[in-house]
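Colleague: Handing you this structure, nothing more for now.
The values are calculated or read from the model by the stated rules, or taken from the named source; none is laboratory data. Since we're looking at a predicted model, the values are computed, not measured. Virtual Cβ from ideal backbone geometry, glycine too; neighbours counted across all protein chains shown.
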Amino acid sequence: MIDPAIETLEIDLLQKAIADRYGYDFSNYSPASFKRRVVAYVKKSGHTRISDLIPPLLHDRNLFRSFLYAVSVTVTEMFRDPQVYKILREKVIPVLKTYPSIKVWHAGCATGEEAYSSAILFAEEGLADRVQIYATDINEESLHIASEGIYPIEKIKEYTQNYQQSGGRGSFSDYYHARYEAVIMNQDLRKRLTFSSHNLVSDGSFGAMHLIFCRNVLIYFDETLQNRALNLFSQSLVPKGFLCLGTKESLLFSTVKDRFRIIAEREKCFQLK
Amino acid sequence: MTKQGVQTYSTVVIGGSAGGREALIELLAQLPENFPAAIAVVLHLHPHSDAADMARTLQKHSRLPLQEAAEKERLRPGQVYLAPANYHLLLESDGRFALTIDAKVNYSRPSIDVLFETAAEAIQKKLIGVLLSGASSDGAEGLMRIKALGGYTLVQDPATASSSMMPGAAISRGGIDQILPPAEIGRSLLQLVGGKN
Ligand SMILES: C[S@@+](CC[C@H](N)C(=O)[O-])C[C@H]1O[C@@H](n2cnc3c(N)ncnc32)[C@H](O)[C@@H]1O
């Protein structure tokens, strides 16, 4: 029988090893979910104990990459929570239209679906030429997939439904080309997007953003790290810039709550005062 | 179990799928408003459904207050929490909830196993796990983990379940403390946590 107290110790040691060797600090992630993903990786890689991972991870950088891919959750969708995009169309885009150029940051973009969704949104609102979308993550493999813009075709039905519910003005099929088992997103959309590596644990602020998305990333962090990220966002926004969190995330219990006002409670859209 | 009146169990986790909602209503109807443990529930819901709406509907049948579980929220005794649709609900060892959108487990998000396994590790001996009706095998593994870490396990009598697969899967693994109809599970919980009726 595996003792949870010993496993907690093993997780601590593993996190120390990774932080010292590779500079990724997971010590402020929510412990239970981080541990579940590590344990799944331990099983998948044929080990018995969490601490068995430490020597191979220390010595093999490629293995660390696969570990990073496994423990960072890549689950995402296009137009996830369609209502959020509706609110953006109604309440946020009209304000953004008053700027000559618009900078958008997707922090924790995973494989890019959310960033392509916002590129579509801006294109439909006639802002394609004015918007620059930066999308970042710690996971290099996810970023690679994102910059290719190629997605499995079987997801398209769901994404099309999401798109329609989000108030999409056109036909979703206008935004990709189908090729065999996959779709590739249109070149005009990809032109607006820049994917790069950025770690919310340790990297600094991004300048003068008008809209920041950070959806379903903060749920993986403890309160200390949530506050760090939220402070970073409030420093990276222009005055009256917008912040959009995941629908089960909130900044009402954070140290930055007085700096924002609520635009849409359920959709978790906020505006810097 | 220790002496009567001494509270040995602090937390109850409940899982259900098809037919689980009806069983949960019967179970909750047995619990008085001074029930001294926190209750966290995973029901398999449609990904676009709203657990807050579900809480409002179930409230008609329960003296205990119901709400959707929020991330990082601390569990309070006498409160019933429902997992949000399309998120896994986890319990941390500091007595708070965590949510994730990790991949589905047993084709489900929220998954009963995810709640049960994390609660088993967080609460250990002070945990009771309850598995209700469902056409799935989610929850069986989690219930075993609860038992292995010193908690107490209850399963709905498959003969009373509209889908007997889920209770059946758990029972066939062994290690179940009691197999009962939903209302009797409610009464049994009351005895176990030492609340007065
Ligand atoms: C569940 S995905 C969310 C994707 C998308 N935003 C959505 O809501 O669909 C979480 C992402 O956060 C990323 N992430 C985790 N820790 C991070 C960190 N410290 N800095 C930046 N991104 C991080 C993961 O690599 C993963 O791609």
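Colleague: Under 8 Å between Cβ atoms, which residue pairs at least 6 apart in sequence (or on different chains) link something in the stretch A:204-223 that is more than 28 Å from B:Glu73 (Cα to Cα) with a partner that is within 12 Å of the ligand (Cβ to nearest atom) and part of a loop (DSSP other than H, G, I, E, B)?
Modeller: Pairs that qualify, where the first residue is more than 28 Å from B:Glu73 (Cα to Cα) and the partner is within 12 Å of the ligand (Cβ to nearest atom) and part of a loop (DSSP other than H, G, I, E, B), are A:Phe206/A:His198.
Colleague: When A:Ser33 is evaluated against the numbered criteria (1) outside the structural domain of A:Leu218 (by TED's automatic domain parsing); (2) farther than 28 Å from B:Thr118 by Cα; (3) under 25 Å from the mean Cα position of the chain (by Cα), which criterion, by number, is the only one it fails?
Modeller: The number of the failed condition is (2).
Colleague: Which residues, taken from the stretch A:164-181, are away from the ligand (no atom under 15 Å from the Cβ) and within 14 Å of another protein chain (Cβ to nearest Cβ)?
Modeller: Going residue by residue through the stretch A:164-181, those that are away from the ligand (no atom under 15 Å from the Cβ) are A:164-165, A:167-181.
Within the stretch A:164-181, A:Gln164, A:Gln165 qualify.
Colleague: Of the numbered conditions (1) assigned by TED's automatic domain parsing to the domain that holds A:Leu13; (2) out of contact with any Ser or Thr (no Cβ under 8 Å at 6 or more places or on another chain); (3) at negative phi, A:Asp25 fails exactly one; give the number of that condition.
Modeller: Failing condition for A:Asp25: (2).
Colleague: Here are some residues: B:Leu91, B:Leu99. Which one is crowded, with 21+ Cβ neighbours inside 10 Å, touching a residue at least 40 places away in the same chain (Cβ under 8 Å) and within 9 Å of another protein chain (Cβ to nearest Cβ)? First the steps, then the outcome.
Modeller: Details: B:Leu99 fails: touching a residue at least 40 places away in the same chain (Cβ under 8 Å).
Of B:Leu91, B:Leu99, the one residue that is crowded, with 21+ Cβ neighbours inside 10 Å, touching a residue at least 40 places away in the same chain (Cβ under 8 Å) and within 9 Å of another protein chain (Cβ to nearest Cβ) is B:Leu91.
Colleague: Further, regarding this structure: Kindly state which helices (runs of 4 or more DSSP H) lie completely within the stretch B:123-197 and contain at least 3 residues that are without any contact (Cβ under 8 Å) to a residue 40 or more places away in the chain and not acidic (Asp, Glu).
Modeller: Values: elements: B:140-148, B:165-173, B:182-193.
Per the criteria, B:140-148, B:165-173.
Colleague: Could I ask something else about it? Quick check on this structure: which one of A:Ile11, A:Ile6, A:Ile18 is touching a residue at least 24 places away in the same chain (Cβ under 8 Å) and farther than 25 Å from A:Cys109 by Cβ?
Modeller: Working: A:Ile6 fails: touching a residue at least 24 places away in the same chain (Cβ under 8 Å); A:Ile18 fails: farther than 25 Å from A:Cys109 by Cβ.
Every option except A:Ile11 fails the conditions.
Colleague: Please determine, by comparing only the residues of the stretch A:182-198 that are within 15 Å of the ligand (Cβ to nearest atom) and assigned to a strand (DSSP E or B), which one is nearest to A:Lys103 (Cα to Cα).
Modeller: The qualifying residue nearest to A:Lys103 (Cα to Cα) is A:Leu193.
Colleague: Would you check if A:Phe26 is crowded, with 18+ Cβ neighbours inside 10 Å, outside any helix (DSSP H, G or I), within 13 Å of the ligand (Cβ to nearest atom) and more than 13 Å from chain B (Cβ to nearest Cβ)?
Modeller: Numbers: crowded, with 18+ Cβ neighbours inside 10 Å: yes; outside any helix (DSSP H, G or I): yes; within 13 Å of the ligand (Cβ to nearest atom): yes; more than 13 Å from chain B (Cβ to nearest Cβ): yes.
Answer is yes for this residue.
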